[in-house]
Every structure is written in C-alpha cells, then in structure tokens.
Amino acid sequence: MMRISDTVKHLLIINVIMFIGTLFIGNGNLFYEWFAMYFPKNDAFQPWQIITHMFMHGGAMHIFFNMFALWMFGVPVEQTLGSRRFLFLYISAGLGAVLLQVGLYYFQYVPSYNALLESGLSSESIKQMLTNNETITGVTQSQVSMLKDIYPAYNASMVGASGCIMGVLAAFGMMNPEAKLMMIFLPIPIKAKYFIPGIIILDLISGLTGQSFFSPSNTAYMAHVGGALTGFLIMWYWKKTQFNRNRWN
C-alpha cells in the first residue's frame, strides 16, 4: 500500500474536519454560509471563502471521491515535488478554479444586470428580487426574463476540492504520461497523456453547454478546467526552469 505523504495527510484531515462541521454545526447550513464560496456580488460572499470553500464538500460521496483522488494522485506528486511545491500547486489550482468559474458567472451576470439598470430598475430593486426570488410591482416581463437569466449566477455557491485535485491530476499526468488510468464505471486502462486531457475536454464541453457526462448537473465544470489549467501551467514552468535541472526525472 502506498505510504501517505505529510501534506496530503494534513489536507485529508482538514477536509474531514470541515465535513464533520457541516454535519454537526448549525445543521450544516451555518457552516456553508460561512465557508462556501459565493458570487462576489452576493451579500453572502466573504473574502476568506476564496480559500475555505476548497475544504468544504456537499455530501459523503463528494468528499469520498475527492479525498480518494487526493490520496491516489497527491502522494506521488508530493513525493516528486516536495511538500512546499505540492502545497503551492494545490492551493494555486484551487485559486485558478475559482477565477475561471467566477469569471464565467460574471460573463453571464454583467450584461443582463446592466440591461436591467438601463431599463429603469434600481440596483436595490434588482438585489432584492435576486435575493428573495420574487418580483416587485411594476416589473415587466422582459425584466423578469433578464432576472431569471442572472439569478443562478448571483446565487451560485461553490464547495469542494475538485479544482485543487484537477491541478494535481494535471501535474501527475505530466510526470507520468505513460501511467494507465481507469474510470470506476469504465474499467478500460488508458494512458494518462490521453485520459487526463480527455477528462478536461469533457469538463470544458459541460461547462460551456450545460451537458453533464459523468458528474452531477450542479458540478462547477469550469472550476475543474481552471484547476487543471493552473496545474498544467505551473508544472510546465517548473519543468522548463529550476525544477527541470534539480529534480525532474
């Protein structure tokens, strides 16, 4: 059995502690209100959520598969990179995931929000309707349609280590391109250099079209893409510079 590395072990412990907190503190809702990542225009958003959401999960299966992937891919990556570089990669991938997913939300939100302001609605009225999910007197059908368009982005929340883990997975693929990987429901061995880009492409398609292939429909697909892209760029840079000379095999 593969020996667990120090940073991976500590990350596993933190994630499990946070998950337990969602079960026993404030019936879970309070923990999510504090630590899930909300859309920055929403009053529920707090700056620390940019980090804390990476250690939150939406259910037992969610945390199980993420922590299993962290153990499986994180240990060999940490053993190659060392603890500091691995933690930098992990957190950076999580930040890249937030950046791309929230960027998509802004892309969906800003045009309709500006159009609502130009149509005569005040920012306070828009905020009230988006928060309470109910219209106020005098709102036209066109305005209601635009409100419906931006309601999902305004009220979106993100939890999970998936973005971080996708960055780790990308790093693993660059280190071990010939390693053979399999999906649980598709037990066919595929080389990492094909398997990992394939997963990222499917996530990108899902993020752009809303079509879900393997994950639940509420998955933040662009966060997966952002995490993987960040992990790839960091590893590409390290491979081309000092890491290539010092430790790359």
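The values are calculated or read from the model by the stated rules, or taken from the named source; none is laboratory data. This is a predicted model, so every value here is computed, not measured. All Cβ positions, even for glycine, are placed from backbone atoms using ideal geometry, and neighbour counts span all protein chains on display. Areas reflect the complete protein model, heavy atoms only, side chains present, ligands, DNA and RNA absent. Shrake-Rupley method; radii C 1.70, N 1.55, O 1.52, S 1.80 Å.
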Percentage relative contact order, the chain, counting C-alpha pairs under 8 Å, at least six apart
25
Just in the stretch 107-198: which GluC sites (Glu not before Pro) are loop by DSSP and have at most 12 other Cβ atoms within 10 Å?
Glu134, Glu178
Using only alpha carbons, build the gyration tensor for the stretch 1-127 and give me the equivalent ellipsoid semi-axes, biggest first, whole Å.
35, 18, 11
For the chain, list the DSSP H helices whose alpha carbon atoms reach 15 Å or more along the long axis and whose average Kyte-Doolittle value is -1.0 or above?
6-24, 60-81, 83-118, 141-154, 162-175, 192-209, 221-240
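Starting from the Kirkwood radius over alpha-carbon pairs of the stretch 59-169, derive D by Stokes-Einstein at 10 °C in a medium of 1.306 mPa s and give it in µm² s⁻¹. Please report the intermediate quantities before stating the final value.
Values: Rh = 16.6 Å.
D, rounded to a whole number, is 96 µm²/s.
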Mind listing P(r) for the stretch 114-186? All alpha-carbon pairs, 5 Å bins, whole percents.
3, 12, 18, 14, 7, 5, 7, 8, 9, 9, 6, 2, 0
Quote the relative contact order of the stretch 1-108 in percent (integer), defining contacts as alpha-carbon pairs under 8 Å separated by 6+ residues.
32
In debye to the nearest 20, how big a dipole does the chain give about its Cα centre with +1 on each Lys and Arg Cβ and -1 on each Asp and Glu Cβ?
1180
Got a number for carbon plus sulfur as a percent of the chain's accessible area, 1.4 Å probe?
63
Which three extents, in angstrom, do the Cα atoms of the chain have along their principal axes, listed largest first?
67, 37, 37
For the stretch 94-238, projected area of the alpha-carbon convex hull averaged over all directions, nm²:
10.3
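How much accessible area per residue does the stretch 1-158 have, counting only protein heavy atoms and a probe of 1.4 Å, in square angstrom?
Here the residues of the stretch 1-158 average 54 Å² of exposed surface.
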Positive-end residue of Leu104, Ala93, His53, charge dipole of the stretch 1-107 with Cβ unit charges
Ala93
